[in-house]
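Read the structure below first, then the notes.
The values are calculated or read from the model by the stated rules, or taken from the named source; none is laboratory data. Remember, it's a predicted structure, so these values are computed and weren't measured experimentally. Note that we place each Cβ from the backbone using ideal geometry, even for glycine, and neighbour counts take in every protein chain shown. Ligands, DNA and RNA are stripped out before the accessible areas are found, and what is left, the full protein with its side chains, is counted by its heavy atoms. Shrake-Rupley method; radii C 1.70, N 1.55, O 1.52, S 1.80 Å.
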Amino acid sequence: MGAAAPATVLHAGGCHCGRVRFEVTAPAEISVEECNCSICAKAGFLHLIVQKADFRLLRGEESLATYTFNTGTAKHVFCKVCGIKSFYVPRSHPEGFSVNARCLDPGTVSRMHVRPFDGRNWEASARRRKW
């Protein structure tokens, strides 16, 4: 018999100025990836990958701007007011979202496991990674 799936909780989060707010369902003990690609390294993004059904934008759609580069697959969205990218549609999971664990409100994450991801060599790293 396999191990039981971890219980999930409802995490809330958002941008710095509060115009963008979201909820995400994920375990209380989360595993995130720290990517060293050109954009993630500069932004300090810690990736919590979730399915589209586990993410809900509560407010602020009108405050979001989108930035794309390279393949154009990833849709980097950020608050037009404060500049914070609290979530986006990642290249690795275009059917879901990557939430910046640093943008989650305190109180619902019991533990965070941080794994490195070599985004500077994305194609080779993605082939080796079991998503």
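Among the residues of the range 73-80, is any of a type in the set (Phe, Trp, Tyr) and within 11 Å of the chain's Cα centre (by Cα)?
From the range 73-80, those of a type in the set (Phe, Trp, Tyr) are 78; that's our starting set.
Going one step further and asking which of them are within 11 Å of the chain's Cα centre (by Cα), we end up with none.
Looking for residues that are of a type in the set (Phe, Trp, Tyr) and within 11 Å of the chain's Cα centre (by Cα), one finds none in the range 73-80, hence no.
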*Looking at Val20, Val77, which is the one that is over 18 Å from Ser125 (Cβ atoms), touching a residue at least 40 places away in the same chain (Cβ under 8 Å) and among the β-branched types (Val, Ile, Thr)?*
Val20
*How about the range 27-53: which of its residues are farther than 14 Å from Ala101 by Cβ and either open to solvent by 30 Å² or more (accessible area, probe 1.4 Å) or hydroxyl-bearing (Ser, Thr, Tyr) (or both)?*
Asn36, Ser38, Ile39, Ala41, Lys42, Gln51, Lys52, Ala53
*Residue identified as open to solvent by 60 Å² or more (accessible area, probe 1.4 Å), farther than 13 Å from Gly14 by Cβ, in a loop (DSSP other than H, G, I, E, B) and of a type in the set (Ser, Thr, Tyr) among Thr108, Thr71*: Thr71
*Please name all residue pairs, on different chains or six or more residues apart, with Cβ atoms under 9 Å, provided the first residue is in the range 39-62 and is closer than 30 Å to Arg120 by Cβ and the second residue is open to solvent by 100 Å² or more (accessible area, probe 1.4 Å).*
Ile39/Tyr67; Ala41/Arg120; Gly44/Arg102; Phe45/Arg102; Leu46/Arg102; Ile49/Trp131
*Looking at the range 6-24, is at least one residue surrounded by 18 or more Cβ atoms within 10 Å (Cβ to Cβ) and over 23 Å from Pro106 (Cα atoms)?*
no
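Please work out if His93 is outside any loop (DSSP other than H, G, I, E, B) and closer than 23 Å to Pro116 by Cα. Please lay out each step first, then the result.
Details: outside any loop (DSSP other than H, G, I, E, B): no; closer than 23 Å to Pro116 by Cα: yes.
Criteria not met by His93.
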*Considering only residues of the range 111-128 that are open to solvent by 70 Å² or more (accessible area, probe 1.4 Å) and not in a helix (DSSP H, G or I), which is modelled with the lowest pLDDT?*
Pro116
*Spot the failing condition for Lys80; the list is (1) surrounded by 12 or more Cβ atoms within 10 Å (Cβ to Cβ); (2) out of contact with any Cys (no Cβ under 7 Å at 6 or more places or on another chain); (3) within 30 Å of Pro6 (Cα to Cα), and only one is missed.*
(3)
*Of all residues in the range 17-34, count the ones that are small (Gly, Ala, Ser) and over 18 Å from Arg56 (Cα atoms).*
1
